[in-house]
1. Out of all the residues in the range 49-81, which are open to solvent by 40 Å² or more (accessible area, probe 1.4 Å), without any contact (Cβ under 8 Å) to a residue 40 or more places away in the chain, among the hydrophobic types (A, V, I, L, M, F, W, C) and not in a loop (DSSP other than H, G, I, E, B)?
2. Of all residues in the range 4-33, which are aliphatic (A, V, I, L, M), in a loop (DSSP other than H, G, I, E, B) and farther than 15 Å from Leu46 by Cβ?
3. Checking the structure you have, find out if any residue of the range 7-16 is loosely packed, with under 14 Cβ neighbours inside 10 Å, farther than 12 Å from Leu72 by Cα and in contact with a helix residue (DSSP H, G or I) (Cβ under 7 Å, 6 or more places away or on another chain).
4. Could you check the range 58-80 and list, in sequence order, the residues that are at pLDDT below 95 and over 21 Å from Ser29 (Cα atoms)?
5. Considering only residues that are more than 14 Å from Gly35 (Cα to Cα) and touching a Phe, Trp or Tyr at 6+ places or on another chain (Cβ under 9 Å), which ones fall in the range 1-22?
6. Within the range 24-81, can you find the residues that are β-branched (Val, Ile, Thr) and out of contact with any helix residue (DSSP H, G or I) (no Cβ under 8 Å at 6 or more places or on another chain)?
7. Inside the range 34-44, can you point out the residues that are in contact (Cβ under 8 Å) with a residue 12 or more places away in the chain, within 22 Å of Asp58 (Cα to Cα) and either in a loop (DSSP other than H, G, I, E, B) or open to solvent by 40 Å² or more (accessible area, probe 1.4 Å) (or both)?
Amino acid sequence: MDRPQINEKLEEVILDVMPELDKVDLSASITSTYGVNSVSLIRIILAVENKFDVSFTDYELALSSYDTFGDLAAAVAEKLA
C-alpha cells in the first residue's frame, strides 16, 4: 500500500472516530486544530489497528508521539513496510 492510499484510509478512520470533523488536514496539529486528547488518540489508533491490521505498542499510544495525523500516517506506513 502506498502513502496516498494510507493517507486516504487514515482520513476515513479519523472521520469515523471523530464524526464532528468535516475534513482532515494531515499536516495540522492534532491537539490545537482538532482537539485530540489522549483518549481520542487511543480510539483512533485502535481503529487504525483494525483497518490496517497493524499493532502499536503501549509506548506508541502516547499523544506526544504524534504532532499531526501525518505523523500517524508515517507510523502506519513504517509498520506496513
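The values are calculated or read from the model by the stated rules, or taken from the named source; none is laboratory data. Model, not experiment: these values are computed from the prediction. With ideal geometry, Cβ positions are generated from the backbone for all residues, glycine too; neighbour counts draw on all protein chains shown. For the accessible areas, the whole protein counts, side chains as well, though only heavy atoms, and no ligand, DNA or RNA atoms are used. Shrake-Rupley method; radii C 1.70, N 1.55, O 1.52, S 1.80 Å.
1. If the condition is that a residue be open to solvent by 40 Å² or more (accessible area, probe 1.4 Å), without any contact (Cβ under 8 Å) to a residue 40 or more places away in the chain, among the hydrophobic types (A, V, I, L, M, F, W, C) and not in a loop (DSSP other than H, G, I, E, B), then Leu61, Leu63, Ala74 are the ones that fit.
2. Listed by number, the residues that qualify are Leu21, Val24, Leu26, Ala28, Ile30.
3. Let us first name the residues in the range 7-16 that are loosely packed, with under 14 Cβ neighbours inside 10 Å, namely 8, 12, 16.
Those still in the list that are farther than 12 Å from Leu72 by Cα too: 8, 12, 16.
Keeping just the survivors that are in contact with a helix residue (DSSP H, G or I) (Cβ under 7 Å, 6 or more places away or on another chain) gives 16.
Yes: the range 7-16 contains one or more residues that are loosely packed, with under 14 Cβ neighbours inside 10 Å, farther than 12 Å from Leu72 by Cα and in contact with a helix residue (DSSP H, G or I) (Cβ under 7 Å, 6 or more places away or on another chain).
4. Asp58
5. Met1, Ile6, Asn7, Lys9, Leu10, Glu11, Val13
6. Thr33, Val39, Thr57, Thr68
7. If the condition is that a residue be in contact (Cβ under 8 Å) with a residue 12 or more places away in the chain, within 22 Å of Asp58 (Cα to Cα) and either in a loop (DSSP other than H, G, I, E, B) or open to solvent by 40 Å² or more (accessible area, probe 1.4 Å) (or both), then Val36, Asn37, Ser38, Ile42, Arg43 are the ones that fit.
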